[in-house]
Amino acid sequence: MTTTDTTAKTTLLTGAQRRAVAPLVYGGTNESIGAEIHLSAQGVASHLRTARNALGRRGCSRPVLVHALLAAREVRPPACQRSCPDFTVRDLQLLQALAEHSRNDDIGRAISVPGSDVRAEIDALVAKAGADNAVHLVGLGHAWEVLAECAPSGAGSQLEPAESTAGAA
């Protein structure tokens, strides 16, 4: 009689797809990621689209995609040598909203500010955290373990090392 290992980890992405999306946690552009992994910007965009679909986040923003990838443990958080800034409760609410919502109006509703003010709020938090951009900020939020993890159902838990050093803090 053969037994099936039910503890085996499954992933939503292939190894090649994870290698293509892993540098995103550093906030890289399609062009910079492509240059790093020797793939065209269009190839990177294709992998990002596949990752969004696999995670059930079709059409989501890059920060939401990074949060989903990290929560599903499809990629590792960015390397970070410095400690977490002294975030206020409000800062953490904004970071969580950024990780969960793609539209500024939705982020604004989550933190009780007009959507037109959200960009300035995000920019201030990016500066406070010393992040390169909002995408990198979400990655750092996971590295500092301050983002609540809410992985999509059926999400895998096998990690692909984030080998990128671009934008590493």
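For (1) closer than 24 Å to residue 75 by Cβ; (2) at pLDDT 95 or above; (3) buried (at least 22 other Cβ atoms within 10 Å of the Cβ), each residue gets a yes or a no:
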site	(1), (2), (3)
127	no, yes, no
131	yes, yes, yes
136	yes, yes, yes
140	yes, yes, yes
149	yes, no, no
155	yes, no, no
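When 127, 131 are checked against the criterion of being among the aliphatic types (A, V, I, L, M), within 20 Å of residue 27 (Cα to Cα) and in a loop (DSSP other than H, G, I, E, B), 131 stands alone in meeting it. Among the residues of the stretch 105-115, the one identified as of a type outside the set (Lys, Arg), assigned to a helix (DSSP H, G or I) and open to solvent by 60 Å² or more (accessible area, probe 1.4 Å) is 105. Taking the stated definitions as given, is residue 118 more than 21 Å from residue 23 (Cα to Cα), modelled with pLDDT of 95 or more and open to solvent by 70 Å² or more (accessible area, probe 1.4 Å)? The answer is no for residue 118.
The values are calculated or read from the model by the stated rules, or taken from the named source; none is laboratory data. Model, not experiment: these values are computed from the prediction. Ideal geometry is used to build each Cβ from the backbone, glycine not excepted, and the neighbour counts take in all protein chains shown. Heads up: the accessible areas ignore ligands, DNA and RNA and are worked out on the full protein's heavy atoms, side chains in. Shrake-Rupley method; radii C 1.70, N 1.55, O 1.52, S 1.80 Å.
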